[in-house]
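Notes for the one structure printed next.
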Amino acid sequence: MKLSDFIRNNLECILQEWEDFASTLAPLADANKKELRDHAAAVLKVVADDLDTPQAEHESIAKSKGQGPQAADDTAAEIHAADRVASGFTGEHVMAEYRALRSSVLRLWARQVDITTAGDIQDMIRFNESIDQAQTESMTRYAKMLREAQNLFLAILGHDVRTPLGAISMGAQVLMQDQSLPSKVLKVALRIFNSSKRMDAIVRDLLDFSTTHLGDGIPVDPHTVDLAEIGHGVVEEARTFHPDRRIDLVVEGDLKGAWDGARMSQAFSNLITNAVQHGNPETPVKVAMRGLPTEVVYEVSNDADVIPTSKLRTLFDPVKRFAIRPASERAATRTQNLGLGLYVVKQIVAAHEGEVSVRSSEHDGVIFSARLPRVMPNRRNDDPPPAG
């Protein structure tokens with residue numbers, strides 16, 4: 001008996017084994033039959049139909065690499081994953097269901113059929129491919145839903161934090177303007193104000209991190225700006241925040257063009273802050289801005305330990321950077337920051353169709369480079385008219 005026919009003819013028996021196993025998983029301990037079986041029948045019917053569909057060798061190879069045909073609508077496996085998320089399943093639970101299903105079908109089939117022919121073995125290969133495909137669809141949907149929920153949570157958290165943070169900043173400014181207060185109180189007020197500004201920058205990066213995962217990247221509003229003015233402003237602000245550090249700035253060439261000024265200021269500031277945090281405090285942070293015919297190059301360099309190649313690959317991905325840290329370095333007391341700033345830099349530069357890179361050597365230290373093409377989009381109404 002072909003495996004596809006066996007699945008259709010013995011669907012109830014297979015579903016009963018699925019149900020029995022699902023009931024052993026903690027989230028479904030008190031679930032009814034419909035909840036336990038969920039979309040299992042639909043998944044099995046898709047598998048059976050796939051087994052009966054002719055498949056060339058190149059199609060089999062493509063499917064094994066995750067390059068199989070994509071369904072226009074949600075598949076049964078994707079809908080099943082969404083329901084399992086609602087039931088409180090972990091990723092391990094979803095994987096366990098498919099592992100049990102694979103075992104049940106092959107075990108029950110082997111009881112009725114002597115698996116000896118080339119056709120039987122081919123059926124087994126095709127069946128495993130189909131189960132792998134369903135499992136991949138389920139896990140992809142499961143992971144996507146969790147990521148979206150986590151990023152939405154972070155976005156809401158960031159918005160909620162900004163309200164009390166604004167009140168703290170405003171209160172500090174009121175205290176700073178009251179010259180009748182003792183100098184000690186004014187110094188504390190200034191410290192509170194500066195700390196609130198740093199916190200606001202962190203929250204801004206957190207919001208950008210979450211919103212880029214929920215949408216199509218960081219939104220930008222390019223208009224005519226002079227990056228030289230922005231660069232000078234960012235460096236002066238950094239010098240104010242870090243009076244004990246030397247920050248040098250070199251500006252060359254024409255730096256006027258169409259970019260989102262506020263976003264570029266954010267990116268430049270993040271790169272300088274990163275250099276101050278990780279560089280040798282005894283040596284200067286060097287900032288260079290060069291206007292070339294087709295692009296503008298912004299570089300921040302500092303004297304620091306050589307960054308291993310393995311770490312360079314994940315430098316702009318805070319989640320992966322955190323994941324590969326040893327457990328001993330994940331404790332809050334050992335973690336200076338989560339590296340959201342560099343992630344935001346990359347997203348801002350990408351939104352301007354540019355590229356950001358980093359190189360590290362014992363001789364040159366660590367150098368971050370952002371290359372911004374001179375792309376002029378539609379002009380805004382408040383842009384100055386073109387010369388001539």
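The values are calculated or read from the model by the stated rules, or taken from the named source; none is laboratory data. As the structure is a computational prediction, the values presented were derived from the model and not from experiment. FYI the Cβ positions are ideal-geometry reconstructions off the backbone, even for glycines, and counts take in every protein chain you see. All accessible areas refer to the heavy atoms of the entire protein, side chains included, with ligands and DNA or RNA removed. Shrake-Rupley method; radii C 1.70, N 1.55, O 1.52, S 1.80 Å.
Cβ-Cβ distance of ARG147 and SER64, R₀ of 22 Å, FRET efficiency by 1/(1 + (r/R0)^6): the value works out to about 0.30.
Taking Cα atoms only, the orientation of helix 183-214 departs from the longest principal axis of the chain by about 30 degrees.
GNM on the chain, alpha-carbon springs under 10 angstrom: the most fluctuating residue among GLY231, GLY217, GLY171 is GLY171. So which lysines pass the test for LYS34, namely a Cα distance under 23 Å, with those fewer than 8 places away in the same chain ruled out? Those lysines meeting the cut-off are LYS45. Among the protein heavy atoms of region 1-55, carbon and sulfur supply 54% of the accessible surface, probe 1.4 Å, non-protein parts ignored. When the Gaussian network model of the chain links Cα atoms closer than 10 Å, the mean-square fluctuations of ALA172, ALA155, ALA351 top out at ALA172. Computed with every protein chain present, the accessible area of GLU129 is close to 30 Å² [probe 1.4 Å]. Couplings 3J(HN,Hα) for region 69-78, derived from phi with the Karplus relation 6.51 cos²θ - 1.76 cosθ + 1.60 (θ = phi - 60°), are x, 9, 6, 6, 10, 4, 7, 4, 5, 5 Hz, where x marks Gly and Pro. The share of accessible area on region 141-203 that comes from carbon and sulfur is 67 percent, using a 1.4 angstrom probe.
As a rough guide to protection, the peptides 92-100, 28-36 ranked by mean Cβ packing within 10 Å, highest first, stand as 92-100, 28-36.
Within the set (i) 89, 52, 48; (ii) 65, 61, 39; (iii) 71, 46, 35, the number that Cα extents along the principal axes in Å takes when calculated for this structure is listed as (i). Calculated accessible area for the chain comes out at 56 Å² per residue, all protein chains present (probe 1.4 Å; ligands, DNA, RNA ignored). Among ALA77, ALA42, ALA238, the largest mean-square fluctuation in a Gaussian network model of the chain (Cα springs under 10 Å) belongs to ALA42.
Annotation: peptides 355-365, 249-259, 267-277, ranked by per-residue average of other Cβ atoms within 10 Å with the highest first, follow the order 267-277, 249-259, 355-365.
Taking all protein chains together and rolling a 1.4 Å probe, GLU237 ends up with roughly 80 Å² accessible. How big is the antiparallel share of DSSP beta bridges in the chain, given as a percent to the nearest 5? Counting DSSP beta bridges with both partners in the chain, the antiparallel share is about 80 percent. Exposure check, 1.4 Å probe, all protein chains in place: ARG162 carries approximately 90 Å² of accessible surface.
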